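> One structure, pasted below without further comment.
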Amino acid sequence: MNSSLTPSFNDLIGLQYDWHSEPADANGHTNCFALCMEVRKRLGLNDFINQYRHLYKDTEENEIGLRQILRLIRLHGKRIFEARPGAVFYSQSVNGQIAMAVVVDETNALMLAPGGRVICLPFAKVAKGYYYWAD
């Protein structure tokens, strides 16, 4: 793959968690869904942000439960067993919540860490062996 055509995700690393924000706001904050959709957009994939932005802009974090988020992921994504750039997966955080994460290349993923900042790490360390793919 030509590295000049490979999208960069460095500007996303270190963004701080905020339920109502997304990377496009350029305020240094994001939520996990917006983070995943920004990566998909940079990869040239459907990002679904316009379809679901209202969930984050019009509600508070405690109004959308874990089951609703998981239902949306499972409803709109096909379960796949091999990671590929743009695939989404979820991981349970130390506080019992879930965080959506996204595969960015052959080995790495971006996700919000328990401390509330976006990190890049090998997806093999946090993925449970299946991912979701949506076209």
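We did not get these values from a lab; they are worked out from the coordinates using the rules stated. None of these values were measured; they are calculated from a predicted model. Glycine also receives a Cβ, built like all others from the backbone with ideal geometry; neighbour counts cover every protein chain displayed.
> Do the conditions hold for A87, that is, is it within 22 Å of I13 (Cβ to Cβ) and surrounded by fewer than 18 Cβ atoms within 10 Å (Cβ to Cβ)? Talk me through it step by step, then tell me what you get.
Working: within 22 Å of I13 (Cβ to Cβ): yes; surrounded by fewer than 18 Cβ atoms within 10 Å (Cβ to Cβ): no.
Spelling it out, it is not the case that A87 is within 22 Å of I13 (Cβ to Cβ) and surrounded by fewer than 18 Cβ atoms within 10 Å (Cβ to Cβ).
> If you don't mind, another one. Given the conditions (1) within 15 Å of the chain's Cα centre (by Cα); (2) closer than 17 Å to A109 by Cα; (3) touching a residue at least 12 places away in the same chain (Cβ under 8 Å), which single one is not true for K41?
The single condition K41 does not satisfy is (3).
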